[in-house]
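Step one of this worksheet: look at the structure below.
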C-alpha cells in the first residue's frame, strides 16, 4: 500500500506494519492507524505517520539513546489494552519536538509511545507518577545518540 507523508512524500508500506492506536493519539483521537517509517540514512529517528492523513506525522526516537535513567511501570489497563505478555514485546518511543538548529530539539519523556510488536497495538501513555520532562534536551546527549 502507498502512504502519503508530508515529511517523506509517498512511500510504500505493508499492511502488516500498521500500528493501531485504539483511542488515537492525544489531540489526534480520530487518527487510529499509523506506520513507523525509517528516515533514510538515519538510525536514530523515524516518522510515526498516519496512514490516512499525510499531515499527521511525528518524528520519534528511542528515549534510551538519550538517557539511561528512564524507567517506568505501565498501569494494568495499558498492559491489558495493548495485550502485553512480555517486556520483550514492546518498543518505547518518544516524540521529538524539532527546533532550529536541530540540536536544540527536545523529546517528550512524560508521554512515551508504547508499541506491542506482536499485537501491533500502540498507545501514547502519560506518566502520571513520574517527574520526567516534556522537553528533554537532546543536545547534551546527541553524541550518545549518534553512537
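Within segment 73-89, being part of a loop (DSSP other than H, G, I, E, B) and touching a strand residue (DSSP E or B) at 6+ places or on another chain (Cβ under 9 Å) holds for 74, 82, 83, 84, 85. Consider residue 107 against the criteria (1) closer than 20 Å to residue 29 by Cα; (2) touching a helix residue (DSSP H, G or I) at 6+ places or on another chain (Cβ under 7 Å): it satisfies all of them except one. Which criterion is unmet? Unmet for residue 107, out of (1) closer than 20 Å to residue 29 by Cα; (2) touching a helix residue (DSSP H, G or I) at 6+ places or on another chain (Cβ under 7 Å): (1).
Before we move on, is residue 3 touching a strand residue (DSSP E or B) at 6+ places or on another chain (Cβ under 9 Å), in contact (Cβ under 8 Å) with a residue 40 or more places away in the chain, over 26 Å from residue 133 (Cβ atoms) and surrounded by 15 or more Cβ atoms within 10 Å (Cβ to Cβ)? Answer is yes for this residue. Please give the number of the condition residue 27 fails out of (1) surrounded by 13 or more Cβ atoms within 10 Å (Cβ to Cβ); (2) without any contact (Cβ under 8 Å) to a residue 40 or more places away in the chain; (3) over 14 Å from the mean Cα position of the chain (by Cα). Among (1) surrounded by 13 or more Cβ atoms within 10 Å (Cβ to Cβ); (2) without any contact (Cβ under 8 Å) to a residue 40 or more places away in the chain; (3) over 14 Å from the mean Cα position of the chain (by Cα), the lone unmet condition for residue 27 is (1). Every test in (1) more than 18 Å from residue 123 (Cβ to Cβ); (2) touching a strand residue (DSSP E or B) at 6+ places or on another chain (Cβ under 8 Å); (3) surrounded by fewer than 11 Cβ atoms within 10 Å (Cβ to Cβ) is passed by residue 14 save one, and that test is (2).
If you go through segment 90-112 one residue at a time, do you hit one that is touching a residue at least 60 places away in the same chain (Cβ under 8 Å), closer than 20 Å to residue 130 by Cα and touching a strand residue (DSSP E or B) at 6+ places or on another chain (Cβ under 9 Å)? Yes, segment 90-112 has at least one match.
Just so you know, all these numbers are worked out from the coordinates, no wet-lab data involved. The structure presented is a predicted model; accordingly, all values stated were derived computationally and were not measured. With ideal geometry, Cβ positions are generated from the backbone for all residues, glycine too; neighbour counts draw on all protein chains shown.
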